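Right, one structure below, let's go through it.
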Amino acid sequence: MIATPYLFQTLGEEDYGLVTLAQTVIMLLGILVSYGFNLNTPKQLALIKDNLMLKQELVNQVIIIRLILAFLCIGLLFILIYFLGLFPAYHTILFLSCVLLVNEAIFPMFISQGFDKLSWISKSNAVAKILYLGLIVLVIRDSSDAKWANFLMGSSALSINLFLLIYIYKKESIRFQWIGFLKIKHWIVDNFQFFSSTIASYTLVNGGYILLSNFVDKSELGFYALAQRVSILLRMLPVFLTQSILQKATRLYEQDNVKFEEYLKRAYYNGVFITFSIGLILALTATWVVRILAGEYIPLSANLMRILGFLPFFGMLNVSNMIRILVTEQKHILAKAIWITTIVMLVLGTIGCYFFGSYGLAWVLVFAEIFNFWINRYLLLKGGYLLPNKTR
């Protein structure tokens, strides 16, 4: 939130929009790199964290596979940019953003979740962001420096997360070991549905921005990016809640269904109340938030922020469904629900962008979150997974 106004005012709305567009494309490839491991490996680690051999094997397998996928994605981008001539408007920004893919590969969030040590991530993230803020102030002085924005973000995060990963290996007495081809093949097949679901989920939340870039000029794209930046940060609240309660919810589900329901209900209602309150506050203060971020009042950005500010609330509605899907390992429900929602969003988003520009996309995203909650709920009810002890 401190870096955003500096970048927007220094680069201008057009180049800021391209930086955000490149970041969106890279993070879409980052979903391929993470390959759904953030959804199921924390639960597995939580169950085997006292077994050194098993946790060492699991951690190494995830890190190595993600590194392989990261460098494959970088190679693919290199071919697309420098041999096929794609992304001409922002190809340099895009390729320098590839450092974010390497960071995604080594990012130890799944380890800290599995070991119930989220403080590791929070502390390292704070240091990385401070380092990033210092670097952009030193390096980025005008619009010609736009190419360095994402590179500095990725480099600062990579350096800190690499240090954290080494610390975790030493702290947990884990040794680095290479894995065989059969293990790689096993994970590629086994995690495909989680990967597919994550791709669809990211497309649902961020894909609209890529879609919008085909229907509006660079200035409107930049104004939308400014409003989206706030909503995307807040949209992580439902994700953080899911990640933070999943391990305990998994253990309670295995041990005591009544306590599981009580714990999930309490966390869910707290999350819904908090995100609705944040959306309401943002709707009332959008004018001042835009003035702070942009250095001036931009009516379009403020109005979009009022709409997008409620995305975290509607996203939070689905947290209870997500926890039930993950603890019961119903990958097929997760994949089916999110892909149906994403297809609906892409179809309606195309229509909305064509006729109403950024406003059309904003309202379609709100509708998509509501639809996502409904379709997950419907499929869980249809499968009987909202009934106690269904999978016991």
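Could you tell me the center-to-center distance, by alpha carbons, between region 1-69 and region 75-93 in angstrom?
So the two Cα centres are separated by 22 Å.
Per the Debye formula with a single identical scatterer at each Cα and no solvent contribution, what log10 I(q)/I(0) holds for region 28-143 at q = 0.13, 0.22, 0.23 Å⁻¹?
Relative scattering, expressed as log10 I(q)/I(0), comes to -0.65, -1.19, -1.24.
Where the accessible area of region 19-146 is counted over protein heavy atoms with a 1.4 Å probe, how much of it, in %, is carbon and sulfur?
Carbon and sulfur: 72 percent of the exposed surface of region 19-146.
Provide the gained length on full extension for the span Ser119 to Tyr269, in nm with one decimal, where the gain is 0.36 nm per separating residue minus the Cα-Cα distance.
Length difference between fully extended and current span is 51.6 nm.
So what J values fall out for region 297-304 if you push phi through Karplus, 6.51 cos²θ - 1.76 cosθ + 1.60 with θ = phi - 60°, rounded to Hz, Gly and Pro as x?
3J(HN,Hα) across region 297-304, in whole Hz: 8, 10, x, 4, 5, 5, 5, 5.
Return a whole-number percent for the relative contact order of the chain, with Cα pairs under 8 Å and 6 or more residues apart as the contact set. Please list the in-between numbers first.
Working: 523 pairs, mean separation 83.4, N = 392.
Dividing the mean separation by the residue count of the chain yields 21 percent.
Would you compute, from DSSP H runs of 4+ residues alone, the mean residue ellipticity of the chain at 222 nm, taking -39500 (n - 2.57) per run and dividing by the full residue count, rounded to the nearest 500?
-28500 deg cm²/dmol
Once phi is turned into ³J(HN,Hα) by the Karplus curve 6.51 cos²θ - 1.76 cosθ + 1.60 with θ = phi - 60°, what whole-Hz value does each residue of region 212-219 show in order, with x for glycine and proline?
Values per residue, Gly and Pro as x: 4, 4, 8, 10, 10, 7, 5, 5 Hz.
Anything over 32 Å Cα to Cα? Flag those among Lys43/Lys185; Lys117/Lys218; Lys43/Lys171, in the order listed.
Distance filter (> 32 Å) returns Lys117/Lys218.
Just add up the charged neighbours of Gln243: K/R +1, D/E -1, any other residue whose Cβ is under 14 Å from the Cβ of Gln243.
Numbers: positive: Lys43, Lys117, Arg235, Lys248; negative: Asp116.
Net charge around Gln243: +3.
Relative to the compact-globule scaling 2.2 N^0.38 Å, provide the ratio for the alpha-carbon radius of gyration of region 271-352.
Region 271-352 yields a ratio of 1.41.
Once all Cα-Cα distances of region 239-280 are split into 5 Å bins that start at 0, what whole-number percent is in each one?
Here the calculated profile for region 239-280 is 5, 22, 27, 22, 12, 7, 4, 1.
Quick one: Cα centre-to-centre distance for region 128-193 and region 303-378, in angstrom?
What the calculation gives is 28 Å, centre to centre.
Mind giving me the FRET efficiency for Leu28 and Met1? R0 is 22 Å, r the Cβ-Cβ distance, nearest 0.05 is fine.
0.40
Quick one: divide the alpha-carbon radius of gyration of the chain by 2.2 N^0.38 Å and tell me what you get. Present the calculation step by step, with values, prior to reporting the outcome.
On the way: Rg = 20.9 Å, N = 392, 2.2 N^0.38 = 21.3 Å.
The reported ratio for this selection is 0.98.
Please compute, over every Cα-Cα pair in region 186-318, the percentage with a separation greater than 26 angstrom.
38 percent
Where does region 243-392 land on Rg/Rh, using Cα atoms and the Kirkwood Rh? Please report the intermediate quantities before stating the final value.
Working: Rg = 18.2 Å, Rh = 17.1 Å.
Over the Cα atoms of region 243-392, Rg/Rh equals 1.06.
Between Thr275, Asn303, Asn372, whose Cα lies farthest towards the positive end of the dipole of region 242-392 when Lys and Arg beta carbons carry +1 and Asp and Glu beta carbons carry -1, centred on the Cα centre?
Highest projection toward the positive end goes to Asn372.
How much of the accessible area of region 212-371, in percent, comes from carbon and sulfur atoms when a 1.4 Å probe is used?
Numbers: 4800 of 7010 Å².
After summing per-atom areas, the C and S share lands at 68 percent.
Run the numbers on region 1-154 and let me know its relative contact order in percent, using alpha-carbon pairs under 8 Å that are six or more apart.
Once normalised by length, the contact order is 37 percent.
Return the sequence-ordered ³J(HN,Hα) values of region 84-91 in whole Hz as given by the Karplus equation 6.51 cos²θ - 1.76 cosθ + 1.60 applied to θ = phi - 60°, using x for Gly and Pro.
After applying 6.51 cos²θ - 1.76 cosθ + 1.60, I find 9, x, 7, 6, x, 6, 8, 5 Hz.
What is the sum of charges, Lys and Arg at +1 and Asp and Glu at -1, for the other residues whose Cβ falls under 12 Å from the Cβ of Ile160?
Details: positive: Lys123, Lys129; negative: none.
Its environment carries a net charge of +2.
Evaluate the distance, in nm, between pseudo-label points positioned 7 Å from the Cα of Val258 and of Val347 along their respective Cα→Cβ axes.
Modelled inter-label distance: 4.6 nm.
What residue among Leu308, Leu80, Leu221 has the largest mean-square fluctuation in a Gaussian network model of the chain, using Cα springs under 10 Å?
The residue that fluctuates most here is Leu80.
The values are calculated or read from the model by the stated rules, or taken from the named source; none is laboratory data. Given the structure is predicted, the values throughout are model-derived calculations rather than measurements. Note: ideal-geometry Cβ built from the backbone for every residue, glycine included; neighbour counts use all protein chains shown. Only protein heavy atoms, including side chains, enter the accessible area calculation; ligands, DNA and RNA are left aside. Shrake-Rupley method; radii C 1.70, N 1.55, O 1.52, S 1.80 Å.
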